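The values are calculated or read from the model by the stated rules, or taken from the named source; none is laboratory data. The structure presented is a predicted model; accordingly, all values stated were derived computationally and were not measured. Glycine gets a Cβ as well: all are built from the backbone with ideal geometry, and neighbour counts include every protein chain shown. Surface accessibility is based on the protein's heavy atoms, side chains included, excluding ligands, DNA and RNA. Shrake-Rupley method; radii C 1.70, N 1.55, O 1.52, S 1.80 Å.
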Amino acid sequence: NWESGNADRKRKGEFMRHSIVARLIVIAIFCLSSVIGKENPEATAKYEKALKQLKAGDLEVDFKGLRMNCAASKYGCEADSDDRKAVGLLLNEKKFEEALTAANKAIEGAFVAIEMHYLAFLASMELKKEGEAEFHKLMIRGRLDSIQENKRGRSEEDAFDVINVHEEYVFLRFSNMT
């Protein structure tokens, strides 16, 4: 019967629209919960305290705690890809002072970004700023060591602890595991 077939198609169409709307609502809730959940006040306070220590020259910081607290805090943990590209271009153009300034500015926004510390290290070395280069080298080493922590990454029990996918890729690249 044509009318019952038409009614079935109409019900299926309404179901599909409701299904799509429901999926969009679930996605929106998930996205909001990940943003809202990231602003843990305790993690933010611990992260800020560790940052203050590091900037004062006290390197006796739990780097794993620093990274994990950053991930749970209101702060960014990954430098902007445009900033990484811009600093890389400045290094390639041998504009080391500009590269160092740009890298340090990006680090202010995402202090745990290993790759930015590496770019700042390179610029510092080119500028013969050994003290600053050593600081960035220690920041890189501390973070990489805190990811590995005598683990081999060959099982779930022995997995590396990373705070985001980008950090995992950077770790693998620095560890020559790729």
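Inside the stretch 51-97, can you point out the residues that are of a type in the set (Gly, Ala, Ser) and within 21 Å of GLU168 (Cα to Cα)? Please lay out each step first, then the result.
We begin by selecting, within the stretch 51-97, every residue of a type in the set (Gly, Ala, Ser); these are 56-57, 65, 71-73, 76, 79, 81, 86, 88.
Scanning the stretch 51-97 gives GLY65, ALA71, ALA72, SER73, GLY76, ALA79, SER81, GLY88.
Of everything listed in (1) at pLDDT 90 or above; (2) in contact with a helix residue (DSSP H, G or I) (Cβ under 7 Å, 6 or more places away or on another chain); (3) among the hydrophobic types (A, V, I, L, M, F, W, C), the single unmet condition for LEU138 is (2). If the condition is being within 22 Å of PHE63 (Cβ to Cβ) and hydroxyl-bearing (Ser, Thr, Tyr), then the stretch 74-125 contributes TYR75, TYR118, SER124. Consider the stretch 85-110 and keep the residues that are modelled with pLDDT under 95 and open to solvent by 10 Å² or more (accessible area, probe 1.4 Å). The one that is farthest from CYS70 (Cα to Cα) is GLU108.
Report whether or not PHE111 is under 25 Å from ALA43 (Cα atoms) and aromatic (Phe, Trp, Tyr). If you could, list the steps in order and put the result at the bottom.
Values: under 25 Å from ALA43 (Cα atoms): yes; aromatic (Phe, Trp, Tyr): yes.
Against the criterion (under 25 Å from ALA43 (Cα atoms) and aromatic (Phe, Trp, Tyr)), PHE111 qualifies.
Consider the stretch 168-178 and keep the residues that are assigned to a helix (DSSP H, G or I) and exposed (fewer than 14 other Cβ atoms within 10 Å of the Cβ). The one that is nearest to the chain's Cα centre (by Cα) is TYR169. Which residues, counting only those in the stretch 127-167, are open to solvent by less than 80 Å² (accessible area, probe 1.4 Å), free of Cβ contacts under 8 Å to residues at least 12 places away in the same chain and of a type in the set (D, E, K, R)? Those that are open to solvent by less than 80 Å² (accessible area, probe 1.4 Å), free of Cβ contacts under 8 Å to residues at least 12 places away in the same chain and of a type in the set (D, E, K, R): LYS151, ASP158.
For the stretch 37-49, a tally of residues being open to solvent by 60 Å² or more (accessible area, probe 1.4 Å) and part of a helix (DSSP H, G or I) returns 5. Scanning the stretch 50-70 for residues that are open to solvent by 40 Å² or more (accessible area, probe 1.4 Å) and within 19 Å of the chain's Cα centre (by Cα) yields ASP62, LYS64, MET68. Would you say PHE160 is among the aromatic types (Phe, Trp, Tyr) and farther than 24 Å from GLN53 by Cβ? In short, yes.
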